[in-house]
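The values are calculated or read from the model by the stated rules, or taken from the named source; none is laboratory data. The shown structure was predicted, so the numbers you read here are calculated from the model rather than taken from an experiment. Glycine also receives a Cβ, built like all others from the backbone with ideal geometry; neighbour counts cover every protein chain displayed.
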Amino acid sequence: MFFWASKKQATVAQSTAEAEYVAAAEATSQAIWLRRILEDMGEKQDEPTKINYDNKSAIAMAKNPVHHRTAKHIAIKYYFFREAEATKEIKLDYCKTEDQIADIFTKALPRPRFEEL
């Protein structure tokens, strides 16, 4: 699944990891929404929705239930992301930045990389 949205975040991130965590929470929200629509149409997913992510810090914060010192200021509303990972609604996979094929839609790329994608 590929989802792309552009909107101003409602909160100010105090770190790159927090900004990535909030973005991953938004992607999770969209994935769960799509899962529920498909289920209403009779197409229930048994496997978790795979989300490729290129930020190891955000993945670590989602997978580790220990309250991180660096994440204590993140709004509680974004913690459902952690719960969705734990309940297997989503599966976070690390994907190296150079393997992110969505970059063609989200970044200004050098011509060789653009043509490659």
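Observations on the structure shown:
- Residue list for the stretch 50-108, filter: in a helix (DSSP H, G or I) and either at pLDDT below 70 or in contact with a Gly (Cβ under 7 Å, 6 or more places away or on another chain) (or both): 69, 70, 71, 76, 77, 78
- Summed over the stretch 12-43, the residues that are more than 17 Å from residue 94 (Cα to Cα), of a type outside the set (Val, Ile, Thr) and at pLDDT below 80 give a count of 3.
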